[in-house]
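The values are calculated or read from the model by the stated rules, or taken from the named source; none is laboratory data. Note that this is a predicted model, so its numbers are computed, not measured. All Cβ positions, glycine included, derive from the backbone under ideal geometry; neighbour counts span all protein chains shown. Note: accessible area is taken over every heavy atom of the protein model, side chains too, but ligands, DNA and RNA are not part of it. Shrake-Rupley method; radii C 1.70, N 1.55, O 1.52, S 1.80 Å.
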Amino acid sequence: MAAVMIGVDPHKASHTAVVIGAAEEPLGELRVRACAAQAERLLACAAAWPERTWAVEGAGGLGHLLAQQLLAAGEQVLDVQPKLGARVRLLDAGDTNKNDPNDARSVAVAALRSAGVREVRPDDHAAVLKTWSKRYRDLGRTRTQVVCRLHAVLCDLVPGGVGRPIYASHAARILEQITPPDAVAAARCALAAAFLDDLRRIDAQLRETRKKLAAAVQAAGTCLTGLFGVGPVIAAAVIGDVRDVSRFPGRDHFAAYNGTAPIEVSSGPHKIYRLSRRGNRRHGHAIHMAAITQIHHRHSQGRAYYDKKLAEGKTGKEALRSLKRQISNAIFTCLQAGARRAAARAKGPGGQQGNDSDASAAGSHPRHRLFGQATPGPGHHPTTVAGNPATGPAGARGRVRHSSIAATLPAATLGREEGQGLKIPDQGTAPGEHLTSREKGRRRSLTQRLHATDVAPADG
């Protein structure tokens, strides 16, 4: 039997499947009703082709359930984006009518021709994060609608309305001060009170959903929340949409996915780039919110990077886009570190984490990191290594924390003493070359005192 490709055009009420061969010739067609036995019926009709591959259009959307059922039955399933099927249908020289069999055939042809079609994987913890992230996003949109309607009712009750963001407690105080003079005003007050109850209920649901999001992100074991401006909501949105970071060859492809990479529109010798409107909008919005958070906090290194770009002559929007690209690179590094840790856990004990620590995942050298802790303190200075004191020996902790010259030691020494991954210094820089003459003298005197202490007992 020759290998065949089975394209599926899923719908809410029915699914249409078309079987094609290696030469894209149609071999069969089937339409089943969407029900509990949909996967069994498709598999029974496809039994004539043992060597088969399924191509489901939108396996992450409407065809998600069918794709997961076929995957659970041991079938190989590919996820074909609707845009690919539409392109095949547009370029097809044959029948281009828009119907379910033609759509299913276009999906199968797209799966045969396209090299970048992804294979469907079983749902994992990222699906949990995506579920609660969508719930939080939907509640936020509902809350915005309720607040807008409450504002509209208050405009008919209070002269000039309410000119600032309104909350449940604020709206309750306003309604307590209103005495309706007639039945119309009384009806509007009752409607405003109903909107106020809806607002309180949605706020409670938002708090509960945020707790579930935080617990799910913590269970994922990601280091994304260590980046400045990235909380559980943003981390869940990013991980839920990305799922498998290995599908991105590099950080440039990842930036193109989230829309932070500019688009080249050059012609001849003129190199021109413009803002990208492509990519995952939810992921791009998450990065945008992280960038805005960094800009609003003056002590953050993201704000320092933003001011640096402004000083170079860039506009505010250009500087913001540059910062968003840096955040995209940092997120990609964290996702890669999380994938390596997950692979190490799957292989079992015996390996060492090394550079998979949170500090090395969030950036390279601490002096070049753009995204430190949100509230840096004595143990989390932006220009020092944010180590975990509990991982190293007690003596090493004491020497690093209390030594007056500990901050001038190379980053590799600090990482080794505090139990972090070893950071290799630049090959072109000699040890201690970055220190000032005063710091070199202090370190030399400290070294002499240590040698004197070691030699004194032997001389005595």
Self-check item: Per residue accessible area of region 231-294, 1.4 Å probe, in Å²
Solution: 53
Quiz item: Just the accessible area per residue of region 17-56, please: how many Å² with a 1.4 Å probe?
Solution: 51
Quiz item: Using the C-alpha gyration tensor of region 53-94, what are the square roots of 5 times its eigenvalues, in whole angstrom, with the largest one first?
Solution: 23, 11, 6
Quiz item: Between ALA13 and ASP307, what FRET efficiency follows from the Cβ-Cβ distance if R0 is 60 Å, with the result rounded to 0.05?
Solution: 0.60
Quiz item: Cα atoms only, region 146-205: Rg and Dmax in Å?
Solution: 10.9, 35
Quiz item: When averaged across all projection directions, what area in nm² does the alpha-carbon convex hull of region 201-276 cover?
Solution: 7.5
Quiz item: Leaving out ligands, DNA and RNA, what percent of the accessible area of region 267-319 is carbon and sulfur, probe 1.4 Å?
Solution: 53
Quiz item: For region 218-248 and region 286-342, what is the separation of their Cα centres, given in Å?
Solution: 15
Quiz item: So, in nm, how far is label ALA86 from label ASP124 when the simple model puts each one 7 Å beyond its Cα toward the Cβ?
Solution: 3.1
Quiz item: Taking the Cβ-Cβ separation of ALA190 and SER267 as r and a Förster radius of 56 Å, what is the calculated FRET efficiency to the nearest 0.05?
Solution: 0.35
Quiz prompt | lysines with Cα under 28 Å of LYS308, excluding same-chain neighbours fewer than 8 positions away | solution = LYS271, LYS317, LYS324, LYS423
Quiz prompt | region 108-249 - Rg and Dmax from Cα coordinates, angstrom | solution = 22.1, 72
Self-check item: Label-point gap, in nm, between ALA344 and GLN218 - each point 7 angstrom along Cα→Cβ
Solution: 2.3
Quiz item: How big, on average over all directions, is the shadow cast by the Cα convex hull of region 1-114, in nm²?
Solution: 6.3
Quiz item: Over all distinct alpha-carbon pairs, what is the Kirkwood Rh of region 114-168 in angstrom?
Solution: 14.8
Quiz item: Based on Cα positions only, what radius of gyration and what Dmax would you give for region 207-329, in angstroms?
Solution: 15.9, 56
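Give me Rg over Rh for region 62-191, both radii from the alpha carbons and Rh done the Kirkwood way, two decimal places. Walk me through the numbers on the way to the answer.
Details: Rg = 26.2 Å, Rh = 20.0 Å.
Reported Rg/Rh (Cα atoms, Kirkwood Rh): 1.31.
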Exercise. For GLN76 and ILE292, compute 0.36 nm times the residue count separating them, minus their Cα-Cα distance, and round to one decimal in nm.
Key: 73.5 nm
Quiz item: Taking the Cβ-Cβ separation of GLN205 and ARG274 as r and a Förster radius of 41 Å, what is the calculated FRET efficiency to the nearest 0.05?
Solution: 0.55
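Quick check: at a probe of 1.4 Å, how many percent of the accessible area of region 53-126 sits on carbon and sulfur atoms? Don't skip to the end; give the middle numbers.
Numbers: 1960 of 3780 Å².
Summing carbon and sulfur atoms, their accessible area is 52 percent of the total for region 53-126.
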